[in-house]
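Below is one structure, written out as structure tokens; the observations come after it.
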Amino acid sequence: MLDGTVVEEGFGDGVVRNGGSADGRALIYIDGGVFMLADLTTGLRTVLGRGERDEQVAWSPTGERFAITRSILYSGARLAREVVVFDSDGTEEKTVGLAFNLVRLAWSPDGSWLAVRSVLLLA
């Protein structure tokens with residue numbers, strides 16, 4: 001269970017900011033460029049896809065779902081972030097949009113909406 005302290009060694013490249021579920025039973029981390037979901041009660045680990053250290057994670061307030069971002073190439077060369085929502089066990093993956101220059105993900109208090117804040121940079 002998570003209590004705000006360092007969990008333990010063995011979580012790959014590192015725990016993603018906001019990677020711990022509110023109930024302390026699950027943890028999202030990056031291992032070798034891959035997003036992983038660890039069930040801390042059973043030890044089961046699920047691969048969620050590619051991930052970088054600067055990706056975002058947001059657990060819904062109810063703990064039933066979480067959202068992550070994944071870096072992708074858009075239109076051949078432009079870097080974008082795919083916003084993906086999963087059920088709490090890592091199943092039911094659904095891409096809900098793209099964001100450029102992503103700043104933050106946040107859920108509504110009841111967990112029914114996901115807000116994506118991004119900034120448009122003009123050169």
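Before moving on, here are some points about what is shown:
- Scanning segment 65-92 for residues that are more than 17 Å from Ser21 (Cα to Cα), not in a strand (DSSP E or B) and not hydrophobic (A, V, I, L, M, F, W, C) yields Ser75, Gly76, Glu92.
- Qualifying residue in segment 33-41 (condition: more than 22 Å from Leu114 (Cα to Cα) and at pLDDT below 85): yes
- Within segment 20-49, residues that are closer than 17 Å to Thr91 by Cβ sit with their Cβ atoms under 6 Å from residues that are surrounded by 16 or more Cβ atoms within 10 Å (Cβ to Cβ) and aromatic (Phe, Trp, Tyr), at 6+ positions apart or across chains, in these pairs: Ser21/Trp59; Met36/Tyr29; Leu48/Phe35; Gly49/Phe35.
- Breaking point among (1) out of contact with any Pro (no Cβ under 9 Å at 6 or more places or on another chain); (2) at pLDDT 80 or above; (3) not in a strand (DSSP E or B), for Ala22: (1)
- When segment 42-61 is filtered for residues that are more than 17 Å from Asp87 (Cβ to Cβ) and either hydroxyl-bearing (Ser, Thr, Tyr) or at pLDDT below 80 (or both), the ones remaining, listed by number, are Arg50, Gly51, Glu52, Arg53, Asp54, Glu55.
- Screening segment 62-76 for residues that are among the aliphatic types (A, V, I, L, M) and under 12 Å from Lys94 (Cα atoms) and picking the one that is modelled with the lowest pLDDT gives Ile68.
- The conditions of being touching a residue at least 24 places away in the same chain (Cβ under 8 Å), β-branched (Val, Ile, Thr) and part of a strand (DSSP E or B) are not met by Thr95.
The values are calculated or read from the model by the stated rules, or taken from the named source; none is laboratory data. Only a predicted model underlies this, so the values are computations on that prediction, with no experimental measurement involved. Positions of Cβ are backbone-derived with ideal geometry, glycine not excepted, and every protein chain shown enters the neighbour counts.
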